[in-house]
Structures are given as C-alpha cells and as structure tokens.
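**Student:** Before I ask anything, let me first share the structure, which is written out below as structure tokens.
The values are calculated or read from the model by the stated rules, or taken from the named source; none is laboratory data. Values in this document were obtained by computation on a predicted structure and should not be read as measured data. Cβ sites come from the backbone with ideal geometry, for glycine too, and all protein chains shown count toward neighbours. We work out accessible area using only protein heavy atoms, side chains counted, and drop any ligands, DNA or RNA first. Shrake-Rupley method; radii C 1.70, N 1.55, O 1.52, S 1.80 Å.
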Amino acid sequence: MKKTLICIGGGELRSKETIKIDEYIASKAKQQAQEKRAYGLFIPTASHDSMPYFNSFRKTYTSVFDIKADVALTVYGEMSYEKIRDKFLKADFIYVGGGDTLFMLDMWKKTGMLDLIRDAYERGVIVCGLSAGAICWFENMYTDSASNSEDSYSLHSGLGWIKGTISPHYNVRSLDFDKKIVYNNLAAIGLEDCSAIELVDDKIVCSISSGGKAFYLHKEEELTKSIIEPCIYL
C-alpha cells in the first residue's frame, strides 16, 4: 500500500477556512473506503483532547461530506488502549489536530498512540494533520510549543519520518523562519494557513489550497522560494 500524508499549514476547521483541503481529503477517504461509508478518526492530543475541536471536525466531515467521524482520546485516560486500537483499525483516514506539538509527541510516546499511527500509515491509511499535526512528521519543525508565547518560535526535532525542515503558519512566521533557514543553511517547506502538501511514499507530490500557498525554500547565495505545484482535480 502507498503511504499518504497530507500536511495543512493552518486555518480554522470551525469556520471552514480549510474547506477545499477538507474536500480533497474527503474525496481520497471515500476512494479508500470503496463501497462502505468512509471513517475518519480525529486525534486532538495537541489541544489536550478538546471536544469542541472534535465537534468542529465532525460538523465538517460528517455534515458536509457524509463521513463517519470518531475521536481517539488519550490525555485524561477516558479510553483504553484496546478501544483506541479498534478505532484505528476501522479508519480510512486519520486527522491530527493542532495545538502543543511537543506535548502531543510526548503523550503519544507515553500512551502507545505513536505506534498505532505509524502502523496505520504503513498500512496505507491516509494520515492528515493541521499545524502541530502537519509538522511533527518531519526531521525539524518550527514551533512555539517550547515557550509560553505564541510569538516565540524555535526549531525542534520532529519524528523524522520525512526528511527536511518545515514551518506551519508561514504567512505570519516567514520573516523569522527565513532567517533561521539562512543562518542554518537549510532547505525547508513553508506552509501558509489554508495551504497543504500531499506526500506519497514520503515524497511531496503536490500542494492543495483553500486560499494559501505552500513553498519550497532553498539557501543558495541567498534565500530563494518556489511554489509547490498544486494538485490537479480530476
């Protein structure tokens, strides 16, 4: 099975800012499900298992796209590992919400959630994520999780499934992130809010937009930017 990862730079599910990206994800999930109703599993660990966040996911994916929505909760111990594992086995796609990236990764490792996500990814379940859920898969991620301020960002090691460095919310972090790229002589990805990239077998194949853009960033003699080519809707 091909491994598919969709990384969304930011945007509000609640107000349907990312609706074009959600439509793209929903269409892929329905293809995955074939004859049965598609099943989406929401993982809100980064938001400390926020149920209003899950309700926003359900209102989009169930009310708009007729996909069964479920949630995996680990932060407060409401669900057993066995119950969560059963949900993963049903899922056609997994959606990881935004929030505190470092807290999320620590909780995943403590609870065994990371093993379930990795197994699903290897089995060909579509893995999607927004903000924290978009950057955690990369070698290096630009995040404010280590500070008490939303205006203080730094580079941290991610899971390392995908090579490279990435920043979400690039439309508001570009000046600082660009300086980090130049100083550290890195190649990177910048995802604006309401933009996404799709990776197949760990390689970027295209971008998806609900109003934002996705960029490759390269340090040669100076920083250069190029837009990641959009997906073609068939």
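**Student:** Which residues, taken from segment 46-77, are assigned to a loop (DSSP other than H, G, I, E, B), closer than 21 Å to THR101 by Cα and open to solvent by 80 Å² or more (accessible area, probe 1.4 Å)?
**Tutor:** TYR76
**Student:** Being of a type in the set (Lys, Arg), open to solvent by 40 Å² or more (accessible area, probe 1.4 Å), closer than 26 Å to ARG14 by Cβ and at pLDDT 95 or above: is that true of LYS203 here?
**Tutor:** Spelling it out, it is not the case that LYS203 is of a type in the set (Lys, Arg), open to solvent by 40 Å² or more (accessible area, probe 1.4 Å), closer than 26 Å to ARG14 by Cβ and at pLDDT 95 or above.
**Student:** Another question, then. Within segment 86-107, can you find the residues that are of a type in the set (Phe, Trp, Tyr) and within 15 Å of VAL71 (Cβ to Cβ)?
**Tutor:** If the condition is that a residue be of a type in the set (Phe, Trp, Tyr) and within 15 Å of VAL71 (Cβ to Cβ), then PHE88, PHE93, TYR95 are the ones that fit.
**Student:** On the basis of being among the acidic types (Asp, Glu), farther than 30 Å from TYR81 by Cα and free of Cβ contacts under 8 Å to residues at least 60 places away in the same chain, does ASP106 make the cut?
**Tutor:** Criteria not met by ASP106.
**Student:** Moving on to the next point. If we keep just the residues of segment 206-233 that are β-branched (Val, Ile, Thr) and in a loop (DSSP other than H, G, I, E, B), which is modelled with the highest pLDDT?
**Tutor:** ILE228
**Student:** Looking for something over 23 Å from LYS2 (Cα atoms), open to solvent by 10 Å² or more (accessible area, probe 1.4 Å) and either touching a His at 6+ places or on another chain (Cβ under 8 Å) or in contact (Cβ under 8 Å) with a residue 24 or more places away in the chain (or both) - is there at least one such residue anywhere in segment 25-45?
**Tutor:** no
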